[in-house]
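Following: one structure in structure tokens, then a few remarks.
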Amino acid sequence: MTSKLRVIPLGGLGEIGKNMMALEYDNDIVIVDCGVQFPEEGMFGVDLIIPDISYLMERLEKVRAILITHGHEDHIGALPFILPKLNCPVYAPRLAHGLITAKLKERRVARDSVVTPIDPGVIHQIGESFEVSWFRVCHSIPDAMGIAIGTPLGTVIHTGDFKIDHTPVDGRIFDLPTLAHYGDDGVLLLCSDSTYAEVPGYTTSEKVVGEALDRAIGEADGRVLVATFASLVSRVQQVVDAAVKHGRKVSLVGRSMVDTVAVATELGYLVAPPGVLVPLAETRKLPPEQVVLMTTGSQGEPTSALVRIAKGEHRDVSIMAGDTVVISATPIPGNELAVSHTINNLLRQKAKVLYDRIATVHVHGHASQEELKLVLRLVRPKYFVPVHGEFRHLTAHAQLAWDLELAKGGIFVMEDGDVLELDEHVGEMKERISAGPIYVDGLTTRDTQSPVLGQRRTLSKDGVVVVVVNKDKKSGNILGEPVAVASGFLDDSETGTLFDELSVAVAQALTKADTRSDGIEDLKAKVRESARSFLAGAARRSPMIIPVVLEI
Ligand SMILES: [Zn+2]
């Protein structure tokens, strides 16, 4: 009996972000990407979300390598947390390699594993089962690649994130001929990017954005501030090019922007003539019409440079009359409100603001329907798994393949934790495995069962009430009245009578109980329960209740 190939998405399917997929054959597992997701507002102190790797931890001896498609955070950001656990080699395109190395160093990740830079077209033997090579795609970061994974059952093509841009900023186009070759030889499984599978037509080329930025910078009377993702290296290049053309200097504001540009410049993915990139202090000596500032904060992130500038709270940069602010990004769903606040704040300070709704100052980096169809047609896989996207995006992509009458072996809409098992003849879904989100919270990680996160939610809703009861150590009798104090619950002026009644209610509950034989924990439980039930009735609120029993 021949072995089967197991396809196991651990992140990024059924959601946007924290992309990670495992392929398992016999004694070998390879992993494609290892990304993070950023928490939505109201996630109570969670810093980052990473994939659940318990399935891999149970099979550590089989894990051969992590293969990286490109240098975006949602594809490499979890490495500092996961690599020390898996301790396996990492293979990454050169720019991603540079960004990963900087990231591991910054996080002081001690590791034995090696991160190897790869070039497209070179075959790497991984374990006994896999022959892996990368091919060029276009995306919003240079050096983005898809991966062809040869298995004993046939080739698996994973596109990574991509779009088909015939005029990309770095001039490196999607390697469609190689993809077509794989298609001609026969492809077992295609995993293709679904992020924009709902959008008809073609994604606009980066070139259009370059022209819009050039116009904005050329026409501005004063300084130009451009906000974008730190990782959007192509956009930084476009701004640098426009600045050079119009006789301006560029300064970078914000740590992540400075770090990414340093890596990209060192590796030659960003080219700026000498003297164009200058420190912020130097721009103050220049007339405003010779200055471009690039900042992070295009998503309205609270601590980012642009948001602080918009609020007038940035240490080094404040808006001046005549400034033009270009927001070169589209708000990720969930960030719309924060971005809108930022635009309002900038307009209030009399800046001219250009953003996606009023100028083509941004295009995204993902393929629309016609590009997705082209890839499906070239590859003509036996099986198809749409990857990267919420369920609706995956479903839209599956529909495209269905309409094209491709992937006759099966189209599988999978979510994180689903398991697909396939061979040359048949593909079928197997029992799910655990793949919930893991929350990075300061120095620890927590899963969805973590009581701490539940407690933070309760605290943020109704606050906390502390009820203090004194107990006589010798007699075991309760001494005096219980006392309540609160934070984040109600105003002090509102709690006066309420807490008097609370004190009576708790005291009554304790008189009924035989407190003399009760241990401290039993007593606490009684205090908590009586206070909870009183406040639920009298205040229609469920604050967190902390009972304190003092033995004196
Ligand atoms: Zn990406």
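Every number in this text was worked out from the coordinates using simple rules, so none of it is lab data. Small disclaimer: the values here were computed from a predicted structure and weren't measured. Here Cβ is always computed from backbone atoms with ideal geometry, including for glycine, and neighbour counts include all displayed protein chains.
Modelled spin-label separation between S256 and T204, with each label point placed 7 Å from Cα along the Cα-to-Cβ direction: 2.4 nm.
The relative contact order of region 451-551, computed from alpha carbon pairs under 8 Å that lie at least 6 residues apart in sequence, is 40 percent. For an R0 of 30 angstrom, estimate the FRET efficiency from the Cβ-Cβ distance between T167 and E289 and round to the nearest 0.05. Computed FRET efficiency for T167 and E289 comes out at 0.55. By the count of neighbouring beta-carbon atoms within 10 Å, fewest first, Y55, Y91 end up ordered Y55, Y91. Only Cα pairs under 8 Å and 6+ residues apart enter the sum, and on that basis the relative contact order of the chain stands at 15 percent. Projected onto the charge dipole of region 1-59 (+1 at Lys/Arg Cβ, -1 at Asp/Glu Cβ, origin at the Cα centre), which of N19, S3, I31 gives the Cα projection farthest towards the positive end? My answer, from the dipole projection, is S3. When you filter the trypsin sites (Lys or Arg not before Pro) in region 346-425 for DSSP loop state and at most 14 other Cβ atoms inside 10 Å of their Cβ, you are left with K350, R357, K408.
Any chance you could give the angle, 0 to 90 degrees and rounded to 10, that helix 369-379 forms with the longest Cα principal axis of the chain? So the helix axis and the longest Cα principal axis differ by about 60 degrees.
Counting only lysines at least 8 places from K207 when in the same chain, those with an alpha carbon closer than 28 Å to its own are K163, K245, K249, K352, K373. Listed values for region 254-266 are Karplus-derived 3J(HN,Hα) couplings in whole Hz (6.51 cos²θ - 1.76 cosθ + 1.60, θ = phi - 60°), namely x, 4, 5, 5, 4, 5, 5, 5, 4, 5, 5, 5, 4, and x replaces Gly and Pro. Can you classify region 451-551 as rounded, prolate or oblate using the Cα gyration tensor, where a ≥ b ≥ c are the square roots of its eigenvalues, rounded means a/c under 1.5, and otherwise it's prolate if a/b beats b/c and oblate if not? Here region 451-551 falls in the prolate category.
Which of rounded, prolate, oblate describes the chain, given a ≥ b ≥ c as roots of the alpha-carbon gyration tensor eigenvalues and a/c under 1.5 marking rounded, otherwise prolate only if a/b is larger than b/c? Judged from the Cα gyration tensor, the chain comes out oblate (a/c at least 1.5, b/c at or above a/b). Between the listed residues S318, P120, L400, the Cα displaced farthest toward the positive end of the dipole of the chain, a dipole computed from Cβ unit charges relative to the Cα centre, is found at S318.
For the chain, DSSP calls about 50 percent of its internal beta bridges antiparallel.
With neighbour counts taken as other beta-carbon atoms within 10 Å, the residues H366, H75 rank, fewest first, as H366, H75. Projecting label points 7 angstrom from Cα along Cα→Cβ for R392 and T360 puts them 2.6 nm apart. Converting phi to 3J(HN,Hα) with the Karplus coefficients 6.51, -1.76 and 1.60 and the offset θ = phi - 60°, region 430-438 yields 10, 4, 5, 10, 6, 8, x, x, 10 Hz in sequence order, with x at every glycine or proline. Structural descriptor for region 211-354: relative contact order 30 percent, calculated from alpha carbon pairs under 8 angstrom and at least 6 residues apart. In this label model, K350 and H124 are separated by 5.6 nm, measuring between points 7 Å along each Cα→Cβ vector. Using Cβ point charges alone (K and R +1, D and E -1), the dipole size of region 451-551 about the Cα centre works out to roughly 380 debye.
Sequence-ordered 3J(HN,Hα) estimates for region 179-195 from the Karplus curve with 6.51, -1.76 and 1.60 and θ = phi - 60° stand at 4, 5, 4, 4, x, 5, 6, x, 10, 6, 9, 10, 10, 10, 4, 10, 3 Hz, glycine and proline given as x. The charge dipole of region 62-142, taken about its Cα centre with unit charges on the Cβ atoms of Lys, Arg (+1), Asp and Glu (-1) only, comes to about 280 debye. For V426 and K85, FRET efficiency with R0 = 25 Å and r from the beta-carbon atoms, rounded to 0.05? Efficiency at R0 = 25 Å is approximately 0.15.
Rounded, prolate or oblate: which one fits region 417-482, using the alpha carbon gyration tensor with axes a ≥ b ≥ c (rounded when a/c is under 1.5, else prolate when a/b beats b/c, else oblate)? Judged from the Cα gyration tensor, region 417-482 comes out prolate (a/c at least 1.5, a/b above b/c). Once the chain from F44 to R377 is taken as fully extended at 0.36 nm per residue, the excess over their C-alpha distance is 115.4 nm.
Based on alpha-carbon centroids, what's the gap between region 61-82 and region 187-263 in Å, whole number please? For region 61-82 versus region 187-263, the Cα centre distance is 25 Å.
Summing Cβ point charges (Lys, Arg +1; Asp, Glu -1) relative to the Cα centre of the chain gives a dipole of roughly 1340 debye.
Could you pull out every one of the lysines with an alpha carbon less than 24 Å from that of K512, ignoring same-chain neighbours closer than 8 positions? Answer for K512, where 24 Å is the Cα cut-off: K471, K473, K474, K524, K526, listed by chain and number. Cross-link partners for K4 among the lysines, with Cα-Cα distance under 21 Å and sequence neighbours closer than 8 places in the same chain left out: K62, K382, K408, K430.
Note on region 408-446 and region 276-335: Cα centroid distance 41 Å, given to the nearest whole angstrom.
Think of the chain as having a plus end and a minus end, set by charges on the Cβ of Lys, Arg, Asp and Glu; of A525, I100, M429, A525 sits farthest toward the positive end of this dipole.
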